[in-house]
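This report refers to the structure that appears directly beneath it.
The values are calculated or read from the model by the stated rules, or taken from the named source; none is laboratory data. None of these values were measured; they are calculated from a predicted model. So basically every Cβ, Gly included, is an ideal-geometry build from the backbone, and we count neighbours across all protein chains shown. Ligands, DNA and RNA are stripped out before the accessible areas are found, and what is left, the full protein with its side chains, is counted by its heavy atoms. Shrake-Rupley method; radii C 1.70, N 1.55, O 1.52, S 1.80 Å.
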Amino acid sequence: QVQLVESGGGLVQAGGSLRLSCAASGSILSFNAMGWFRQAPGKQRELVAIIISGGSTTYADSVKGRFTMSRDNAKNTVYLQMNSLKPDDTAVYYCHSASRLGSFWGQGTQVTVSS
């Protein structure tokens, strides 16, 4: 069992920044991948960014150049730095991990961007 705890969400004006954190209960070095997803009201959950075990990161087209995903292996934590936020970025953001133990989700953190 892997526990993921997100933090850092909140209310921000358009153009502002937030940094989300996701702390894992185990060593993230053992994970095949960790990712950030988001789900806006009435929409399907979508991938925002993902880091695979080799270290490469992939971003959704809608956030490229604005969001940066990083990790701190010593703290077993991944981050999502979100800059130049837009109202369309409003959603619940979820952390996800995939490993030999299975697939796990965090509880989500709300991000609201006002215009």
Inset, instruction - Report whether or not residue 66 is closer than 19 Å to residue 15 by Cα and either touching a residue at least 60 places away in the same chain (Cβ under 8 Å) or not polar (S, T, N, Q) (or both). - result: yes
Inset, instruction - For residues that are farther than 22 Å from residue 83 by Cβ and exposed (fewer than 14 other Cβ atoms within 10 Å of the Cβ), scanning just segment 44-61, find the one that is modelled with the highest pLDDT. - result: 44
Inset, instruction - Scan segment 70-83 for residues that are open to solvent by 10 Å² or more (accessible area, probe 1.4 Å) and within 19 Å of residue 110 (Cβ to Cβ) and jot them down. - result: 79, 81, 83
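Please tell me if residue 53 is without any contact (Cβ under 8 Å) to a residue 40 or more places away in the chain and of a type in the set (S, T, N, Q).
yes
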Legend entry - Scope segment 7-25; condition closer than 16 Å to residue 51 by Cα and open to solvent by less than 30 Å² (accessible area, probe 1.4 Å); matching residues: 20, 21, 22, 24
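Looking at segment 84-96 only, could you name the residues that are of a type in the set (Gly, Ala, Ser) and open to solvent by 60 Å² or more (accessible area, probe 1.4 Å)?
From segment 84-96, those of a type in the set (Gly, Ala, Ser) are 84, 91; that's our starting set.
Answer for segment 84-96, where residues must be of a type in the set (Gly, Ala, Ser) and open to solvent by 60 Å² or more (accessible area, probe 1.4 Å): just 84.
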Inset, instruction - Under 6 Å between Cβ atoms, at least 6 apart or on separate chains: pull out the pairs that start in segment 84-102 with a residue that is farther than 18 Å from residue 13 by Cβ and end on any residue that is open to solvent by 40 Å² or more (accessible area, probe 1.4 Å) and at pLDDT below 95. - result: 98/32; 99/30; 99/32
Inset, instruction - Return yes when residue 64 is more than 22 Å from residue 23 (Cβ to Cβ), open to solvent by 80 Å² or more (accessible area, probe 1.4 Å) and not aromatic (Phe, Trp, Tyr) and no when it is not. - result: yes
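Does segment 92-99 include one or more residues that are outside any helix (DSSP H, G or I) and touching a Pro at 6+ places or on another chain (Cβ under 7 Å)?
First pass over segment 92-99, keeping only residues outside any helix (DSSP H, G or I): 92-99.
Next, only the ones that are touching a Pro at 6+ places or on another chain (Cβ under 7 Å) stay: none.
Scanning segment 92-99, I find no residue that is outside any helix (DSSP H, G or I) and touching a Pro at 6+ places or on another chain (Cβ under 7 Å), so the answer is no.
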Inset, instruction - Return the residue satisfying two criteria in turn: it lies in segment 97-111 and is open to solvent by less than 50 Å² (accessible area, probe 1.4 Å) and more than 12 Å from the chain's Cα centre (by Cα), and of such residues it is nearest to residue 7 (Cα to Cα). - result: 104
